[in-house]
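Everything on this sheet refers to the single structure shown next.
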Number of protein chains: 2
Amino acid sequence: MQLYNYFRSSASFRVRIALALKGLSYEYLPVHLVRGEQLKPPFSDMTPAALVPMLVDGDQQLTQSMAIIEYLDETHPEPALLPGDALTRARIRALAQDIACEIHPLDNLRVLRYLVNELKVSEDDKNRWYRHWVETGLDVVERQLAASPMTGRFCVGDTPTLADCVLVPQIFNAQRMDCRLDHVPTVMRVFGECMALDAFVKAQPSACPDAS
Amino acid sequence: MQLYNYFRSSASFRVRIALALKGLSYEYLPVHLVRGEQLKPPFSDMTPAALVPMLVDGDQQLTQSMAIIEYLDETHPEPALLPGDALTRARIRALAQDIACEIHPLDNLRVLRYLVNELKVSEDDKNRWYRHWVETGLDVVERQLAASPMTGRFCVGDTPTLADCVLVPQIFNAQRMDCRLDHVPTVMRVFGECMALDAFVKAQPSACPDAS
């Protein structure tokens, strides 16, 4: 398998964690988002979405990080990243989507650029925007985790799941942008559990070949 | 089952379509988002996310529209909304996420309100923002659909899937906000196929008990 990705892209980071948890090897192909390589050939000729990560498995191209992780879980079931019954799986997916649909899209590079270039938002207001969605969004995740008997060592139960693959990169972003995190102790406890595992450590941005 | 939802919420609309496609009956419980009912008791006491839709099945609460639809597909498998092999299922999920993670979060009511109230963006710029993400995001979906042999009568194959449940509400929003749609002919062909089905028609906002 080949993974087109960028060290600092948190959607890429999610997939790297999943691959590492499953012990799958892959070729790392960097696409430099800040230089706009996703919008230029050869990458833009390969995929209409112009987004990383893209996983190539044989002659098939797969996009969208959560869809890729579900695919990896169906094709390489152990260890399961969506374990349990339908209700447990729904919980895992909902937590992942609380981050991937409610927080992360608002703080994407292309969105921040639109705020600054098109709407002429100041640097301060852009940073306030960034932190607002991270801090309020993680507060929702915190309250979900704190309230549920399904929460264990990790977001759901005692093994890492899709939800943890999505949570950890969001915390990396939050820390890089100096977001408040003292209001989300359960989130940070789970983050600590994840970062004690080799799979999360070796998938992190600073461990990537294109890290700068 | 009970569905807490709002007639105009496109995430709610996705779940209503899935329930209708599966022929499942449910109690419709309106939560008026524009009046902020999601942020006040009794709804806010029930769920930390303060987001609709929320599905109640027995004593369990489920949130996040795509997670709810996956749950319905696992607990009521026919007709399948994620049919086929792992690759086909990945394709269905990726198209759904192209909309649910790349377009819809940017045009949420709370995001538009932040632009106007906090960043003092003008009404014109807010509308331009809205249309930008819809038009560029649907262009990505169009190119994915136009390029793939997996595209059939519907987004993937000849039966409606999760991808169609997510696509149709996005087109309703696009039409309501006067977005360009002439650049996405394949998207609009699939939209037409969907709206020829009773399940999509009866789930639409104007057919809801709280429509105004």
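Structure notes:
- Restricting B:T136, B:T159 to those that are under 21 Å from B:H76 (Cβ atoms) and either among the acidic types (D, E) or surrounded by fewer than 17 Cβ atoms within 10 Å (Cβ to Cβ) (or both) reduces the list to B:T159.
- First in region A:153-167 and outside the structural domain of A:F13 (by TED's automatic domain parsing), second anywhere and small (G, A, S), Cβ under 6 Å, 6 or more apart: A:C155/A:A163; A:V156/A:A163; A:D158/A:G152; A:L162/A:A96; A:A163/A:A96; A:C165/A:A18; A:V166/A:A96; A:V166/A:A100
- Single residue of A:T63, A:T47 found to be surrounded by fewer than 24 Cβ atoms within 10 Å (Cβ to Cβ) and not hydrophobic (A, V, I, L, M, F, W, C): A:T47
- Meets criteria (closer than 21 Å to B:Q64 by Cα, surrounded by fewer than 16 Cβ atoms within 10 Å (Cβ to Cβ) and more than 8 Å from chain A (Cβ to nearest Cβ)) for B:L81: no
- Number of positions in region B:145-177 that are assigned to a helix (DSSP H, G or I) and out of contact with any strand residue (DSSP E or B) (no Cβ under 8 Å at 6 or more places or on another chain): 17
- Selection status of B:K120, surrounded by fewer than 20 Cβ atoms within 10 Å (Cβ to Cβ), at positive phi and within 14 Å of chain A (Cβ to nearest Cβ): yes
- In region B:97-107, residue surrounded by the most Cβ atoms within 10 Å (Cβ to Cβ) [restricted to those that are among the hydrophobic types (A, V, I, L, M, F, W, C) and facing another protein chain (nearest Cβ under 8 Å)]: B:A100
- The single condition among (1) facing chain A (nearest Cβ under 9 Å); (2) within 21 Å of B:I92 (Cβ to Cβ); (3) surrounded by 16 or more Cβ atoms within 10 Å (Cβ to Cβ) that B:E74 does not meet is (3).
- With respect to the stated conditions, B:R110 fails to be within 8 Å of chain A (Cβ to nearest Cβ), among the basic types (K, R) and either in contact with a Leu (Cβ under 8 Å, 6 or more places away or on another chain) or at negative phi (or both).
- Test for A:R16: is it at the interface with another protein chain (Cβ under 9 Å from one of its Cβ atoms), touching a helix residue (DSSP H, G or I) at 6+ places or on another chain (Cβ under 6 Å) and crowded, with 16+ Cβ neighbours inside 10 Å: no
- Within region B:56-70, being closer than 18 Å to A:R143 by Cα and more than 7 Å from chain A (Cβ to nearest Cβ) holds for one residue alone: B:Q61.
- Set A:R35, A:R16: member being modelled with pLDDT under 95 and more than 30 Å from B:T47 (Cα to Cα): A:R35
- Any hit, region B:29-41, residues being exposed (fewer than 14 other Cβ atoms within 10 Å of the Cβ), more than 8 Å from chain A (Cβ to nearest Cβ) and in a helix (DSSP H, G or I): yes
- Cβ separations smaller than 7 Å between residues 6+ apart or across chains give the following pairs from region B:3-18 residues that are farther than 10 Å from B:L55 by Cα to residues that are modelled with pLDDT of 95 or more and of a type in the set (V, I, T): B:R14/B:I69; B:R14/B:V166; B:I17/B:V168; B:A18/B:I69.
The values are calculated or read from the model by the stated rules, or taken from the named source; none is laboratory data. This structure is a prediction, so every number in the text was calculated from the model and none was measured. Quick reminder, even Gly has a Cβ in these numbers, built from the backbone with ideal geometry, and neighbours come from all protein chains shown.
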